[in-house]
Amino acid sequence: MANPQVLIVMGSDSDLPVMEEAAQVLAEFGVPCEIRISSAHRSPQRTAALAAEAAGRGIRVIIAGAGMAAHLAGVVASETTLPVIGVPMGGGALNGVDALYATVQMPGGIPVATMAIGKAGAKNAGIFAVQILALGDERLVVALGAFREKMAAEVAAKDRALQERPV
Ligand code: RP5
């Protein structure tokens, strides 16, 4: 995509069904993004270069998703001063708790904004990236307001449907 503002990077193509949640949110808000596969462990040099070159290519926010010993977000954050949002993948022998701890427990000095495990985390990563970009983009401020109103209306509609259900 031309002039991506957000880089979504994941450790493996097996992460794609989860990380697509983030891409979908960005598409809904009209934020161009680039989706890449690069592993902190299997392709460390490639990952370091991708992160180090991101700002120079106009990227403003990076979303990094990985599973198991999930060092991707931390390694990416160590190579750039762009804000990095981490998404721990679920599954595996430890159901994503391994990836959560690996992503969230960064040493002081190199922050990673860590989201929830799995699809909810990927979706929130997309929204959080939009919120960061909205600091300098009034169009996104308005769109975020409409997004919240739509969610609230959906909850109210579900409650109405529940109240109208025959007992
Ligand atoms: C991590 O290892 C990836 O992010 C993925 O979640 C996990 C398993 O990778 P595959 O064996 O499915 O390629 O690096």
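Which number comes out as Rg/Rh for the chain once both Rg and the Kirkwood Rh are worked out on C-alpha atoms?
Values: Rg = 17.1 Å, Rh = 16.5 Å.
Across the chain, the Cα-based Rg/Rh ratio is 1.04.
Which far-off residues, 5 or more places away or on another chain, put their amide H under 5 Å from the one on residue 37, with H placed in the peptide plane?
10
From the square roots a ≥ b ≥ c of the eigenvalues of the alpha-carbon gyration tensor of region 68-167, which class results: rounded (a/c under 1.5), prolate (a/b over b/c), or oblate?
oblate
If you roll a 1.4 angstrom probe over the protein chains with everything in place, what fraction of the accessible area of the chain belongs to carbon and sulfur, to the nearest %? Intermediate values should be presented prior to the final figure.
Details: 5250 of 9140 Å².
Carbon plus sulfur share of accessible area: 57 percent.
What is the mean projected area of the alpha carbon convex hull for region 11-65, to one decimal in square nanometres? Walk me through the numbers before you get to the answer.
Values: hull surface 15.3 nm².
If you wrap the Cα atoms of region 11-65 in a convex hull and average its projections, you get 3.8 nm².
Pick from 97, 112, 61: which is most flexible by mean-square fluctuation in a GNM of the chain where alpha carbon atoms under 10 Å apart are linked?
Residue with maximal mean-square fluctuation among 97, 112, 61: 97.
Residue-wise, which Karplus ³J(HN,Hα) couplings in Hz belong to region 67-76, taking 6.51 cos²θ - 1.76 cosθ + 1.60, θ = phi - 60°, and x for glycine or proline?
For region 67-76, the Karplus-derived couplings read x, 6, 6, 7, 8, 4, 4, x, 5, 4 Hz, x marking Gly and Pro.
Taking amide H positions as placed in the peptide plane 1.01 Å from N, state which residues far from residue 86 in sequence (5 or more) or on other chains have amide H under 5 Å from it.
Hits under the 5 Å cutoff: 64, 113, 114, 115.
Return the distance in nm (one decimal) between the two label points of a simple spin-label model at residue 120 and residue 148, each offset 7 Å from Cα along Cα→Cβ.
If labels sit at residue 120 and residue 148, their model points lie 2.0 nm apart.
Ranked from the most accessible area to the least, with a 1.4 Å probe and all protein chains present, what is the order of 115, 89?
Ranking 115, 89 by accessible area, largest first, yields 115, 89.
Give me the 1.4 Å probe accessible area per residue for the chain, excluding ligands and nucleic acids, in Å².
Using a 1.4 Å probe on heavy atoms only, each residue of the chain averages 55 Å².
Which value at 222 nm does the chain reach when only helices count, each DSSP H run of 4 or more adding -39,500 (n - 2.57), with the total divided by all residues and rounded to the nearest 500 deg cm²/dmol?
So the calculated ellipticity at 222 nm is -15500 deg cm²/dmol.
Picking from 20, 79, 28, which is most flexible by a Gaussian network model of the chain using Cα springs under 10 Å?
For the chain, modelled as a Gaussian network with Cα springs under 10 Å, the answer is 28.
Name the residue from 4, 74, 92 whose Cα lies farthest towards the positive end of the charge dipole of region 1-93, charges +1 on Cβ of Lys and Arg and -1 on Cβ of Asp and Glu.
The listed residue farthest towards the positive side: 74.
The values are calculated or read from the model by the stated rules, or taken from the named source; none is laboratory data. This one's a predicted model, so the numbers in the text were calculated from it and none came from an experiment. Using ideal geometry, Cβ is built from the backbone for each residue, glycine included, and neighbour counts are taken over all protein chains shown. Side chains included, ligands, DNA and RNA excluded: accessible areas come from the protein's heavy atoms. Shrake-Rupley method; radii C 1.70, N 1.55, O 1.52, S 1.80 Å.
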